[in-house]
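Below is one structure, written out as structure tokens; the observations come after it.
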Amino acid sequence: MKKSAKIYVAGHRGLIGSALVRALKDRGYKNLLTRPHQALDLTHQNKVDRFFEREKPEYVFLAAARVGGIRANDTYPAEFIYQNQMIQANVLHSASNHGARKLLFFSSSCIYPKKSRQPMKEEYLMTGPMEPTNEAYGAAKMAGLVMCQSYRRQYGANFISVIPANVYGIHDHFDENGHVLAALIAKFHEARVKKKKQVTVWGTGKPRREFFYVDDLADAALFLMENYDRAEPINVGTGQETSIRVLAEKVKEAVGFEGEIVYDTNRPDGNPRRLLDSSRIRAMGWRPGTSLERGLELTCRWYAETILKKSVKP
Ligand code: GFB
């Protein structure tokens with residue numbers, strides 16, 4: 001990508017999109033194209049197509065999506081499957097119609113089978129049913145991946161798909177509909193400020209996740225935009241697993257909460273394990289740079305400085 005290339009980041013205010021904009025600006029890309037949701041609703045085919053016709057971006061990062069943690073996925077499956085399919089169908093189709101040179105689609109590690117062998121290699125996709133709590137989102141994210149492959153096969157479009165591990169970081173949703181790490185930061189902060197004695201963590205605490213700091217994902221995405229041109233999706237993660245129990249202890253410590261942790265086993269655990277085999281991107285020379293401790297520190301600091309000050313009153 002030339003520094004002057006016209007690059008569209010779809011979803012630039014979200015967790016992943018905002019990290020991409022930071023990374024692109026840091027590296028001197030000057031011609032970034034973004035549109036807030038109010039200006040361009042990506043679920044509307046005509047609006048999206050007119051936008052691509054007028055702007056003709058050369059490169060597209062498709063980070064716009066309806067996302068959330070286990071509760072949101074489980075509560076709003078219809079919205080998750082509808083909105084995600086609409087967004088990706090419109091953006092991929094218009095990018096192809098209006099001559100984008102390359103597009104990178106963010107899929108999700110929840111597209112792997114619930115009972116997949118671990119660590120999960122790209123070839124294990126579609127070998128078994130998905131975890132029910134995130135099936136609607138996973139089905140949409142699987143369809144997006146197959147759509148990239150189909151446009152490549154029929155039209156020669158250079159569309160690639162990335163499968164990230166559980167992404168976390170600044171600009172995430174810090175509430176009960178958020179992903180576990182952000183949701184726990186919010187819970188522990190609130191408990192500390194309100195001097196509560198207990199924090200309730202959902203499930204058994206036994207599931208394990210591969211937590212991946214969002215700036216590392218943005219770095220990997222830029223690397224793949226420059227270096228990867230294949231139909232096969234590619235995993236990106238840290239290779240490290242952490243149980244929810246250990247995560248909860250780390251968040252408790254990072255936030256400085258001194259009370260007790262209790263587990264609500266009436267809440268779902270979701271996938272028991274979800275560890276990606278990222279050896280393909282590793283073999284290309286890419287490595288993640290942020291430890292979970294460092295990523296947690298950065299995320300907690302951002303949360304305290306931006307969101308907590310406005311929302312929680314002692
Ligand atoms: O990030 P998360 O919500 O979703 O993490 P997934 C869920 C795990 O954390 C479950 C436990 O084992 C929960 O029981 N957990 C404990 C909590 N306390 C909490 C809490 O307060 N909030 C939340 N959210 N979880 C995601 C999908 O699945 O995987 C996304 O929801 C995406 O769509 C991502 O695909 C990769 O890790 O289960």
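The values are calculated or read from the model by the stated rules, or taken from the named source; none is laboratory data. It should be emphasised that the depicted structure is a prediction, and the values quoted were computed from it without experimental measurement. Every residue, glycine as well, gets a Cβ built from its backbone with ideal geometry; the counts of neighbours run over all protein chains shown. Surface accessibility is based on the protein's heavy atoms, side chains included, excluding ligands, DNA and RNA. Shrake-Rupley method; radii C 1.70, N 1.55, O 1.52, S 1.80 Å.
Is there any pair linking a residue in region 223-251 that is part of a strand (DSSP E or B) to one that is of a type in the set (D, E, K, R) and open to solvent by 50 Å² or more (accessible area, probe 1.4 Å), with Cβ under 6 Å and at least six apart or on different chains, and which?
Going by the 6 Å Cβ cut-off, the qualifying pairs are 234/280; 243/208.
Being within 30 Å of residue 158 (Cβ to Cβ), open to solvent by 40 Å² or more (accessible area, probe 1.4 Å) and out of contact with any helix residue (DSSP H, G or I) (no Cβ under 6 Å at 6 or more places or on another chain), is that true of even one residue in region 260-274?
Filtering region 260-274 for residues within 30 Å of residue 158 (Cβ to Cβ) gives 274.
Add one more test, that the residue is open to solvent by 40 Å² or more (accessible area, probe 1.4 Å), and what stays is none.
No, that holds for no residue.
Within region 199-214, how many residues are away from the ligand (no atom under 13 Å from the Cβ) and surrounded by fewer than 19 Cβ atoms within 10 Å (Cβ to Cβ)?
Adding up the residues that qualify gives 0.
Here is a check on your reading of the model: is residue 144 more than 9 Å from the ligand (Cβ to nearest atom) and crowded, with 19+ Cβ neighbours inside 10 Å? Working first, answer last.
On the way: more than 9 Å from the ligand (Cβ to nearest atom): yes; crowded, with 19+ Cβ neighbours inside 10 Å: yes.
Yes, satisfied.
Which of (1) among the β-branched types (Val, Ile, Thr); (2) touching a Phe, Trp or Tyr at 6+ places or on another chain (Cβ under 9 Å); (3) within 21 Å of residue 103 (Cα to Cα) does residue 146 not meet, given it meets every other one?
Of everything listed in (1) among the β-branched types (Val, Ile, Thr); (2) touching a Phe, Trp or Tyr at 6+ places or on another chain (Cβ under 9 Å); (3) within 21 Å of residue 103 (Cα to Cα), residue 146 misses just condition (2).
Out of the strands (runs of 3 or more DSSP E) lying entirely within region 87-186, which hold 3 or more residues that are within 30 Å of residue 198 (Cα to Cα)? Give the steps one after another, and end with the answer.
Details: elements: 102-106, 159-164, 166-168.
Filter on region 87-186 gives 166-168.
Criterion first (in contact (Cβ under 8 Å) with a residue 24 or more places away in the chain, open to solvent by less than 10 Å² (accessible area, probe 1.4 Å), over 22 Å from residue 64 (Cβ atoms) and in a helix (DSSP H, G or I)) does residue 220 satisfy it? If you could, list the steps in order and put the result at the bottom.
Details: in contact (Cβ under 8 Å) with a residue 24 or more places away in the chain: yes; open to solvent by less than 10 Å² (accessible area, probe 1.4 Å): yes; over 22 Å from residue 64 (Cβ atoms): no; in a helix (DSSP H, G or I): yes.
No.
Which of the residues spanning region 24-63 are surrounded by 22 or more Cβ atoms within 10 Å (Cβ to Cβ) and closer than 19 Å to residue 226 by Cβ?
24, 57, 59, 60, 61, 62, 63
Of (1) open to solvent by less than 20 Å² (accessible area, probe 1.4 Å); (2) modelled with pLDDT of 95 or more; (3) more than 8 Å from the ligand (Cβ to nearest atom), residue 189 satisfies all except one. Which?
(2)
Restricting to region 129-141, name every residue that is small (Gly, Ala, Ser) and open to solvent by 30 Å² or more (accessible area, probe 1.4 Å).
Start the filter on region 129-141 by keeping residues that are small (Gly, Ala, Ser), which leaves 136, 138-140.
139, the sole residue that qualifies.
Conditions tested, residue by residue: (1) among the charged types (D, E, K, R); (2) under 23 Å from residue 162 (Cβ atoms); (3) in a loop (DSSP other than H, G, I, E, B).
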site	(1), (2), (3)
261	no, no, no
282	yes, yes, no
290	no, yes, yes
298	no, yes, no
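Considering each residue of region 138-186, count those that are without any contact (Cβ under 8 Å) to a residue 40 or more places away in the chain, among the aliphatic types (A, V, I, L, M) and within 23 Å of residue 58 (Cα to Cα), and give that number. Step through it out loud before you land on a result.
Pass one, region 138-186, residues without any contact (Cβ under 8 Å) to a residue 40 or more places away in the chain: 138, 142, 146, 150, 154, 156, 175.
Okay, now just the ones that are also among the aliphatic types (A, V, I, L, M), so 142, 146.
Among the residues that remain, those that are also within 23 Å of residue 58 (Cα to Cα) are: 146.
Count: 1.
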